[in-house]
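The values are calculated or read from the model by the stated rules, or taken from the named source; none is laboratory data. Please read these numbers as outputs of a predicted model, since none were measured by experiment. Cβ atoms come from the backbone with ideal geometry, glycine included; neighbour counts cover every protein chain shown.
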Amino acid sequence: MGLGSFGGGSGVARALARRGARVTVTDLRPLEQLAEARADLEGLDVRWEAGGHREEFFAPGTTVVVNPAVPQESPWLALARRNGCELTTDVNLAIAASAHVPSFAVTGTHGKSTCAALAAHLLSALPGRTVLAGNLGGSLLERVEGLGAADRLVVEMSSFQTETLQAPRGWPRIAALTCLREDHLDRHGTREAYAAAKRRLLEFQDERGLALIPESDPESAAWAGAARGEVIRLGPALLKEWNLAPHDLPFPEPFRMPSLLAAAVAALRLGLPLAALKPGLRAFPGLPHRMERLAGPAGSVVVDNGVATHPEPTAAALRHMPGHVVLLAGGKDKMLALDSLADACCDCTRIYLFGEGGARLAASLPARAPTPRCFQGSRAAMRAALEDLQPRETLLFSPSFASFDEYRNFRDRALVFRDLCAEIRVREIQRGVASADQETRR
């Protein structure tokens, strides 16, 4: 029920069909918008129903695999419950099938993808398989096929996934929180409900479990109180314990340290030798769209932080970026507080904003902030920011708002930005070559 935008729905349908299940895929979108998913399932005996759901699909005895994006108050889920259907998720099916596999699960408002990816990178040095899956995309059920006790599973989990989590006792062996900020209130209603959904990751651990908690996060006390086993607080003392210097770390920003520390602790607890930690950290390439440096036009620097759909990571990035910084932000407004971001914008050289989120940020800026240039659509704002960029300036593309006004997801928006950046860079190089040819002919 619901295919989603990152391949998870088609992946779990594929995994279930291969196991012999009679699978019906139903999605609210029309069939012409599901070409990618249809290609994923080509050749499998899967029944399709696009453009809406039908009551007959929720007959008694049916198992309904619910996409995380489907709200829990959906009338279709209410119908399924009344009919005695079993409601589950890709994540819950996968965990039940791989409960014997040593596991590290990470959640948080920001930094969870980096944490999970870094942990998987470090653990890949060990014998056996290390599988990275969950909220990063694809089907977890499909990814855990064939895993054994000598392998490892690293799972990134969103609040949409943790709120319906059902797991065997003792899962996961290690759970981590990177940070907790106000987010997804359109789904959870209150900050307390959002925090409780995240904290459910600890619900099924036992006394042998380990909870990794940021040293100074407001949610840390609640997590420590809910933990059933050992608790480790993530702080700079761990770097000293491991004899790590700044040049040993894959990224310098202080606000990303809880992600790094949680990944390192989890990897060590799951068997990584301490001697392998430093070279493993140095070799981590990072994830796309997460403070990723790109070559900019005219000798400038472009930072792609397209993953940022919340004001807080943008504010944190601006506070720690030196030099002349230009901000490019905007998108669909989630109506989150903008005070911290608006204040951080005061040190920007220029500001380019787009969408309803950008309009609200523009109205929230203090008088001492630069006057922003505002655009209705993202592409016009991206092009203007890139074309105006000067040598020794840094353009931070950190949208701070959701992408669903113009795009399927944050990744599609970030790829448009990267394509524009590459186009302008190529055009600049071509102009330089043409100018050099003219000079030679003289």
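Put simply, of 336, 328 the only residue that is assigned to a loop (DSSP other than H, G, I, E, B), under 25 Å from the mean Cα position of the chain (by Cα), buried (at least 17 other Cβ atoms within 10 Å of the Cβ) and at negative phi is 336. Scanning the range 272-280 for residues that are part of a loop (DSSP other than H, G, I, E, B) and more than 19 Å from residue 117 (Cβ to Cβ) turns up at least one hit. Residue pairs whose Cβ atoms lie under 7 Å apart, sitting 6 or more positions apart in sequence or on different chains, and linking a residue in the range 246-262 that is under 16 Å from residue 321 (Cα atoms) to a partner that is of a type in the set (Ser, Thr, Tyr) and part of a helix (DSSP H, G or I), are 256/114. When 249, 238, 234, 260 are checked against the criterion of being among the hydrophobic types (A, V, I, L, M, F, W, C), within 19 Å of the chain's Cα centre (by Cα) and modelled with pLDDT of 95 or more, a single residue qualifies: 260.
Against the conditions (1) hydroxyl-bearing (Ser, Thr, Tyr); (2) surrounded by 12 or more Cβ atoms within 10 Å (Cβ to Cβ); (3) more than 21 Å from the chain's Cα centre (by Cα); (4) outside any helix (DSSP H, G or I), residue 371 satisfies every one except (2). When residue 408 is tested against the conditions (1) under 21 Å from the mean Cα position of the chain (by Cα); (2) at pLDDT below 95; (3) of a type outside the set (A, V, I, L, M); (4) outside any loop (DSSP other than H, G, I, E, B), the lone failure is (4). Residue 436 passes every criterion in (1) farther than 27 Å from residue 6 by Cα; (2) of a type in the set (Gly, Ala, Ser); (3) modelled with pLDDT of 95 or more apart from (3). Within the range 281-315, the set of residues being of a type in the set (Val, Ile, Thr), in contact with a strand residue (DSSP E or B) (Cβ under 8 Å, 6 or more places away or on another chain) and part of a loop (DSSP other than H, G, I, E, B) comprises 309 only.
Condition check: outside the structural domain of residue 110 (by TED's automatic domain parsing), closer than 30 Å to residue 34 by Cα and without any contact (Cβ under 8 Å) to a residue 12 or more places away in the chain. Does residue 422 satisfy that?
Values: outside the structural domain of residue 110 (by TED's automatic domain parsing): yes; closer than 30 Å to residue 34 by Cα: yes; without any contact (Cβ under 8 Å) to a residue 12 or more places away in the chain: yes.
So residue 422 fits the description; yes.
Given 300, 259, which one is under 30 Å from residue 150 (Cβ atoms), buried (at least 17 other Cβ atoms within 10 Å of the Cβ) and hydroxyl-bearing (Ser, Thr, Tyr)? Can you show your working first?
Values: 300 fails: under 30 Å from residue 150 (Cβ atoms).
Sole residue among the options that is under 30 Å from residue 150 (Cβ atoms), buried (at least 17 other Cβ atoms within 10 Å of the Cβ) and hydroxyl-bearing (Ser, Thr, Tyr): 259.
In the range 362-394, which residues are hydrophobic (A, V, I, L, M, F, W, C), in contact (Cβ under 8 Å) with a residue 40 or more places away in the chain and touching a Phe, Trp or Tyr at 6+ places or on another chain (Cβ under 9 Å)? Hits for the range 362-394 are 375, 381, 382, 385, 386.
The set of residues in the range 345-361 that are hydrophobic (A, V, I, L, M, F, W, C) and either part of a loop (DSSP other than H, G, I, E, B) or surrounded by fewer than 21 Cβ atoms within 10 Å (Cβ to Cβ) (or both) comprises 346, 348, 359. The set of residues in the range 1-43 being closer than 17 Å to residue 70 by Cβ, of a type in the set (D, E, K, R) and either surrounded by 17 or more Cβ atoms within 10 Å (Cβ to Cβ) or not assigned by TED's automatic domain parsing to the domain that holds residue 75 (or both) consists of 27 alone.
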